[in-house]
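Following: one structure in structure tokens, then a few remarks.
The values are calculated or read from the model by the stated rules, or taken from the named source; none is laboratory data. Treat the numbers as computed from the prediction; the structure is a model and nothing was measured. All Cβ positions, glycine included, derive from the backbone under ideal geometry; neighbour counts span all protein chains shown.
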Amino acid sequence: MRIAIVCYPTYGGSGVVATELGLGLAERGHEVHFVTYAPPFRMPGFHPNIHYHEVSTPDYPLFVWRPYDLALSSRLVDVALKHDLDLIHSHYAVPHAIGAFLAREMLATAGHDIRTVTTLHGTDITLVGNDPSYLHATRFGIQRSDAITAVSAWLVEKTREICGDCKTIDVIHNFVDLDRFNPGQATDEVRRTYAPDGERILVHISNLRPVKRVEDAVRAFARVASKMPAVLLIVGEGPEAGHAAQAASEAGVGDRVHFLGNQDGIEVLLASADIFLLPSEFESFGLAALEAMACGVPVVATSSGGIVEVVEDEISGRLVPRGDVDALAGACLDILSNEELQRQMGAAGRQRAAELFARDAILDQYVEVYERVLAGRADAAAGAPPGDS
């Protein structure tokens, strides 16, 4: 198959999943074309089946805001015609599903039948899709896609609240590369650098937006640090970094909270950790938590959203009520105070990641969706009545 993948190239779950999906498809022999405004940050070096096409938005005086969705759709048309693409897979509803729809309509006038798949990742529904400025566009882009997938059953329900009784939405969970994310990635260098006196290491990874409740992570850590020597590593960039740093200073742990910014080798940091902390308002899935589980690290998170489909409470980690800092700290202390419990939870998380979220199994599910929508195209070409894709 010849597939265009449209995604945000920056740090974040949707871009990570889209890029890893493209790499996996390319390794299986499919031709993959990333179409976005910058190379995805996890895009590998040279691979004969991977191609990148930049979307540029010229600066015209009449454009107060550059119309990226129009530039995207035009670029998709160019790439589809030049490379005879079979389908466009959009990650994140707005503007990517809209851009794919426009490209499909323009290509139809040129006699090129292309199919579209949209994967919903979370905030494209819960934040952007809920905004009145984007509600109708989000709904339209989803309803006009040939197939829709979502990363959790929870997100499917949220989507139906916005879109009503739209067509079938396939739940395809996020996946993890078990070879890259594994306990063997742990290094003494991380501990020498951040925990030279044997401190326990807690890690939080996110885009540091308000929904991630990073200050809760800092306040919970401060309670942990008052009971045992510990450090907190915060990986990522975002608007809450300053607030989190202030919270650390106010709690008297500013010297034990390390802001590392965006990191490429997060598997080393995760595998070297004792706890992965994720106190979000909600998670549509929780990819970073899954990557921590694959590294054999217990997860302490809030029991809100799709994270309950990833982490088994009391087995691979602990799930606590949203906003309950004392419960977050208590769960961390329970695990850190019991080495056997920490080991058991880490092993259970690794096993769950391997059984339910391995890359090849999830790739098979995406390929099944692709084949289904392309079968619909073949039926249309043969003059058969269109099926419900």
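A few notes on this one:
- Residue match in segment 148-155 (condition: part of a loop (DSSP other than H, G, I, E, B) and assigned by TED's automatic domain parsing to the domain that holds His83): yes
Each row is one residue, and each column tells you yes or no for (1) surrounded by fewer than 21 Cβ atoms within 10 Å (Cβ to Cβ); (2) more than 18 Å from the chain's Cα centre (by Cα); (3) not assigned by TED's automatic domain parsing to the domain that holds Asp326.
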{"residue": "Glu199", "(1), (2), (3)": "yes, yes, no"}
{"residue": "His204", "(1), (2), (3)": "no, no, no"}
{"residue": "Lys212", "(1), (2), (3)": "no, no, no"}
{"residue": "Phe221", "(1), (2), (3)": "no, yes, no"}
{"residue": "Ala225", "(1), (2), (3)": "no, yes, no"}
{"residue": "Glu237", "(1), (2), (3)": "yes, no, no"}
{"residue": "Ala245", "(1), (2), (3)": "yes, yes, no"}
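- One residue stands out in segment 231-269 among those that are polar (S, T, N, Q) and in contact (Cβ under 8 Å) with a residue 12 or more places away in the chain: the one that is nearest to Asp179 (Cα to Cα), namely Gln263.
- Residue, surrounded by the fewest Cβ atoms within 10 Å (Cβ to Cβ), within segment 347-361, restricted to residues that are under 26 Å from Arg200 (Cβ atoms) and in contact with a helix residue (DSSP H, G or I) (Cβ under 7 Å, 6 or more places away or on another chain): Arg352
- Options Asp113, Asp131; residue that is without any contact (Cβ under 8 Å) to a residue 60 or more places away in the chain and either of a type in the set (Val, Ile, Thr) or out of contact with any Pro (no Cβ under 9 Å at 6 or more places or on another chain) (or both): Asp131
- Residue within segment 75-91 that is of a type in the set (Ser, Thr, Tyr), modelled with pLDDT under 95, touching a helix residue (DSSP H, G or I) at 6+ places or on another chain (Cβ under 6 Å) and closer than 22 Å to Asp131 by Cβ present: no
- Phe181 touching a residue at least 12 places away in the same chain (Cβ under 8 Å) and under 21 Å from Gly122 (Cβ atoms): yes
- Candidate set from segment 36-65 (those that are surrounded by 14 or more Cβ atoms within 10 Å (Cβ to Cβ) and touching a helix residue (DSSP H, G or I) at 6+ places or on another chain (Cβ under 6 Å)); member that is nearest to Asn262 (Cα to Cα): Arg42
- Within segment 270-287, the residues that satisfy the criterion of being over 17 Å from Val218 (Cα atoms) and either crowded, with 24+ Cβ neighbours inside 10 Å or at pLDDT below 95 (or both) are Leu270, Phe282, Glu283, Ser284, Phe285, Gly286, Leu287.
- All conditions but one from (1) surrounded by 24 or more Cβ atoms within 10 Å (Cβ to Cβ); (2) in a strand (DSSP E or B) apply to Ser145; the one that does not is (2).
- Scope segment 131-168; condition of a type in the set (A, V, I, L, M) and within 18 Å of the chain's Cα centre (by Cα); matching residues: Ile148, Ala150, Val151, Ala153, Leu155, Val156
- Of all the residues in segment 209-255, those that are at pLDDT below 95 and touching a Gly at 6+ places or on another chain (Cβ under 7 Å) number 2.
- Selected residue (criterion: nearest to Phe357 (Cα to Cα)) from residues of segment 162-203 that are part of a strand (DSSP E or B) and charged (D, E, K, R): Asp170
- Residue satisfying all of: in segment 362-380; of a type outside the set (A, V, I, L, M, F, W, C) and at pLDDT below 95; surrounded by the fewest Cβ atoms within 10 Å (Cβ to Cβ) among these: Asp379
- Residue within segment 125-141 that is under 27 Å from Asp364 (Cα atoms), modelled with pLDDT of 95 or more and assigned to a helix (DSSP H, G or I) present: no
- Flag if Glu27 is in contact (Cβ under 8 Å) with a residue 40 or more places away in the chain and among the acidic types (Asp, Glu): no
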